[in-house]
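I have placed the structure first, in the form of structure tokens, so that the comments after it can refer back to it.
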């Protein structure tokens, strides 16, 4: 991911409506599917700026791993030091070390995503839970994906099939941000008209949004999250899955 995007994420993710919606989905998944005992041992794969250490602190002991030096720097600014700089394709943890693995917008960054999924499966204990989010639909491909160094966007059968190939059992899988699909598609088509070189691409978070639209997007997201806690959505900007490692 471009270095500037890490700084942008660090600045906005605590209050931005999109990140708040994703955090609500993760907590709902853990409350429903994660092992009941506490504290949990949690791994945040490609942990970026370490926000999970704040919003999941009550669930247990969290470790993070990311390949970027920028991640280590930004996490240290939050006082977080339980971060390992390393490759998710060769996780430096023993088999069955964690009760929960978070892969929040992680798998799309790997050329061999199934290899990363198999490594997650290895370090997850039997009966453990994987919560994964990924960007959805290649029709939404834009400079946003290039700025984040994505390899792909997923459809539900594709993501489910690859995770099952890696050994997981799917508990549920739903699209997210359904109501915002058309506005996001229009925004990204317009941004793609400029022909910006990949090395100069910026994420959607670099596009200013008027305060009333920010409020509306937040209200829509909160409503969808409340629905999505129990109902799978048929399409959306992102894809959200809860998987388990069979006993």
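Here are some conditions: (1) within 17 Å of the chain's Cα centre (by Cα); (2) part of a helix (DSSP H, G or I); (3) buried (at least 16 other Cβ atoms within 10 Å of the Cβ). Residue 191 meets all but one. Which one does it not meet?
(1)
Take the range 145-174 and flag every residue that is in a helix (DSSP H, G or I), within 16 Å of residue 244 (Cβ to Cβ) and in contact with a strand residue (DSSP E or B) (Cβ under 8 Å, 6 or more places away or on another chain).
Listed by number, the residues that qualify are 159, 160, 163, 164.
Can you tell me which condition residue 142 does not meet? The list is (1) crowded, with 19+ Cβ neighbours inside 10 Å; (2) more than 25 Å from residue 227 (Cα to Cα); (3) at pLDDT 95 or above, and all the others hold.
Exception for residue 142: condition (3).
Looking at residue 4, is it assigned to a helix (DSSP H, G or I), out of contact with any strand residue (DSSP E or B) (no Cβ under 6 Å at 6 or more places or on another chain), surrounded by fewer than 17 Cβ atoms within 10 Å (Cβ to Cβ) and at pLDDT below 90? It would help to see each step written out before you state the result.
Working: assigned to a helix (DSSP H, G or I): yes; out of contact with any strand residue (DSSP E or B) (no Cβ under 6 Å at 6 or more places or on another chain): yes; surrounded by fewer than 17 Cβ atoms within 10 Å (Cβ to Cβ): yes; at pLDDT below 90: yes.
Here the answer is yes, as residue 4 does meet what is asked.
For the range 77-93, indicate whether the set of residues that are at pLDDT 95 or above, over 27 Å from residue 141 (Cα atoms), buried (at least 20 other Cβ atoms within 10 Å of the Cβ) and touching a helix residue (DSSP H, G or I) at 6+ places or on another chain (Cβ under 7 Å) is non-empty.
Yes: the range 77-93 contains one or more residues that are at pLDDT 95 or above, over 27 Å from residue 141 (Cα atoms), buried (at least 20 other Cβ atoms within 10 Å of the Cβ) and touching a helix residue (DSSP H, G or I) at 6+ places or on another chain (Cβ under 7 Å).
Considering only the range 203-247, state which residues are part of a loop (DSSP other than H, G, I, E, B) and surrounded by fewer than 18 Cβ atoms within 10 Å (Cβ to Cβ).
To start, the set of residues in the range 203-247 that are part of a loop (DSSP other than H, G, I, E, B) comprises 203, 207-210, 229-232, 234-237, 245-247.
Matches in the range 203-247: 207, 208, 209, 210, 229, 230, 231, 232, 234, 235, 246, 247.
Would you please name the residue that is nearest to residue 2 (Cα to Cα), looking only at residues in the range 12-36 that are assigned to a loop (DSSP other than H, G, I, E, B) and in contact (Cβ under 8 Å) with a residue 24 or more places away in the chain?
Applying the first criterion (assigned to a loop (DSSP other than H, G, I, E, B)) to the range 12-36 yields 13-16, 34-36.
Narrowing further to those that are in contact (Cβ under 8 Å) with a residue 24 or more places away in the chain: 13-14, 16, 34-35.
Values: 13: 16, 14: 20, 16: 19, 34: 33, 35: 36 Å.
If we take residues in the range 12-36 being assigned to a loop (DSSP other than H, G, I, E, B) and in contact (Cβ under 8 Å) with a residue 24 or more places away in the chain, then 13 is nearest to residue 2 (Cα to Cα).
Which of the residues spanning the range 130-143 are under 15 Å from the mean Cα position of the chain (by Cα) and over 16 Å from residue 234 (Cα atoms)?
130, 131, 132
Regarding the range 174-181, can at least one residue be identified that is buried (at least 19 other Cβ atoms within 10 Å of the Cβ), at positive phi and in contact (Cβ under 8 Å) with a residue 12 or more places away in the chain?
Scanning the range 174-181, I find at least one residue that is buried (at least 19 other Cβ atoms within 10 Å of the Cβ), at positive phi and in contact (Cβ under 8 Å) with a residue 12 or more places away in the chain, so the answer is yes.
The values are calculated or read from the model by the stated rules, or taken from the named source; none is laboratory data. Remember, predicted model here, so these are calculated numbers, not experimental data. Don't worry about glycine lacking a Cβ; one is built from the backbone with ideal geometry, like all the others, and counts go over all protein chains shown.
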